[in-house]
Amino acid sequence: MLFLNTNSLRNKIYILFIFIPLLLISDQLRAQETKLLILGDSLSAAYGLKQEQGWVSLLQDAWQNQDIKVINAAISGETTDGALARLPRLLEQHTPTHIFVELGGNDGLQGHPINKMRDNLEKIIQLSHKSAVKVILQQMQIPTNYGKRYTSMFSGTYSNLALEYDLVLLPFFLQNIALDKSLMQRDGIHPTAEAQILIAKDMQKTLGEIIFP
């Protein structure tokens with residue numbers, strides 16, 4: 001005859017009743033982890049500097065005690081074409097909750113067709129929304145090399161997309177910094193290490209109000 005130790009059995013059942021809910025809670029917490037994906041170009045890729053000097057790394061440092069992970073997917077020279085091609089894999093790999101789109105500057109500097117740039121940005125927004133990712137769009141600015149009409153169409157692309165998709169549109173983070181030559185590298189395009197600190201502080205406040213309402 002087989003005898004069961006009822007006390008031992010009760011203990012095992014009791015442990016299972018405690019352990020299984022804890023596992024479920026742990027899975028839920030992992031699923032709810034806030035992840036901010038930075039999809040940008042050299043302005044977010046710490047061009048000419050060490051990675052740890054860039055505003056994205058400084059932002060992650062500032063949020064080290066917050067329940068948030070910042071993923072820097074910015075690449076120097078990136079266009080909306082390149083970012084759109086990379087996005088599906090980035091979404092699958094990192095499963096972000098938020099995406100900060102800082103793109104279009106290189107498209108404008110290279111004179112790419114505005115309609116093409118707009119289509120790419122729109123597809124980036126749509127892909128992100130399809131994955132339930134909140135999109136934060138940044139207004140970009142370019143020199144008036146290609147004339148007022150091109151520049152106006154370029155700038156209007158961002159406000160139009162933000163209105164159409166009900167997005168948060170942030171002002172260009174270099175709009176004040178770029179006026180101070182001491183905060184810009186010799187090329188006049190990329191911010192210095194000192195400027196990166198200012199950008200990080202500004203983005204900590206601006207993005208923080210969106211991510212931690």
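The values are calculated or read from the model by the stated rules, or taken from the named source; none is laboratory data. The structure displayed is predicted, hence computed values, not measured ones. When we count neighbours, we look across all protein chains shown, and the Cβ atoms used for this are built from the backbone with ideal geometry, even at glycine. Heavy atoms of the whole protein, side chains included, go into the accessibility calculation; ligands, DNA and RNA do not. Shrake-Rupley method; radii C 1.70, N 1.55, O 1.52, S 1.80 Å.
HN-Hα J couplings of segment 197-213 from phi, Karplus 6.51/-1.76/1.60, θ = phi - 60°, integer Hz, Gly and Pro as x?
Along segment 197-213, the couplings run 5, 5, 5, 4, 5, 5, 6, 4, 6, 5, 5, x, 5, 7, 6, 10, x Hz.
Under 10 Å from the Cβ of Leu36, count the other residues' Cβ atoms, weight Lys and Arg +1, Asp and Glu -1, and hand me the total. Working shown, then result.
Numbers: positive: Lys35, Lys69, Lys134; negative: none.
So the surrounding residues net to +3.
First select every other residue whose beta carbon is under 14 angstrom from the beta carbon of Arg118; then total the charges, Lys and Arg +1, Asp and Glu -1. Working shown, then result.
On the way: positive: Lys116, Lys123; negative: Asp81, Asp107, Asp119, Glu122, Glu164.
Here the count lands on -3.
Run the accessible area of segment 74-119 with a 1.4 Å probe and give the carbon-and-sulfur part as a rounded percent. Intermediate values should be presented prior to the final figure.
On the way: 1000 of 1970 Å².
Of the solvent-accessible surface of segment 74-119, carbon and sulfur hold 51 percent.
Would segment 52-141 count as rounded, prolate or oblate if I go by the C-alpha gyration tensor, calling it rounded below 1.5 in a/c and otherwise prolate when a/b exceeds b/c, oblate otherwise? Mind dumping the intermediate values first?
Working: a/c = 2.24, a/b = 1.42, b/c = 1.58.
In terms of gyration-tensor shape, oblate.
For segment 71-158, report the accessible area per residue in Å² (1.4 Å probe, heavy atoms, rounded to an integer).
46
Show me, for segment 35-50, the HN-Hα J-couplings you get by feeding each phi into the Karplus relation (A = 6.51, B = -1.76, C = 1.60, θ = phi - 60°), rounded to Hz, glycine and proline as x.
Per residue, the Karplus-derived 3J(HN,Hα) values read 10, 10, 9, 9, 10, x, 10, 4, 5, 10, 9, 6, 4, x, 10, 6 Hz.
Please sort by residue number the trypsin sites (Lys or Arg not before Pro) in segment 121-213 whose DSSP state is loop and whose Cβ has at most 11 other Cβ atoms within 10 Å. Provide the component values of the computation, followed by the final result.
Working: sites: Lys123, Lys130, Lys134, Lys148, Arg149, Lys181, Arg186, Lys201, Lys205; in loops: Arg186.
Sparse-neighbourhood loop trypsin sites (Lys or Arg not before Pro): Arg186.
Cβ under 11 Å from His98's Cβ, His98 left aside: what net charge do those residues give with Lys, Arg +1 and Asp, Glu -1?
On the way: positive: Lys35, Lys69, Lys134; negative: none.
Surrounding charge for His98 is +3.
Please work out the C-alpha center-to-center distance from segment 59-81 to segment 104-131 and express it in whole Å.
A separation of 19 Å, based on Cα centres.
Size of segment 99-213 along its principal axes in angstrom, Cα-based, largest extent first?
42, 38, 17
Could you run the Debye sum over the Cα atoms of segment 122-161, one equal point scatterer each and no solvent, and tell me log10 of I(q)/I(0) at q = 0.13, 0.14, 0.22, 0.34 Å⁻¹, two decimals?
Summing over Cα pairs of segment 122-161 leads to -0.36, -0.40, -0.72, -1.11.
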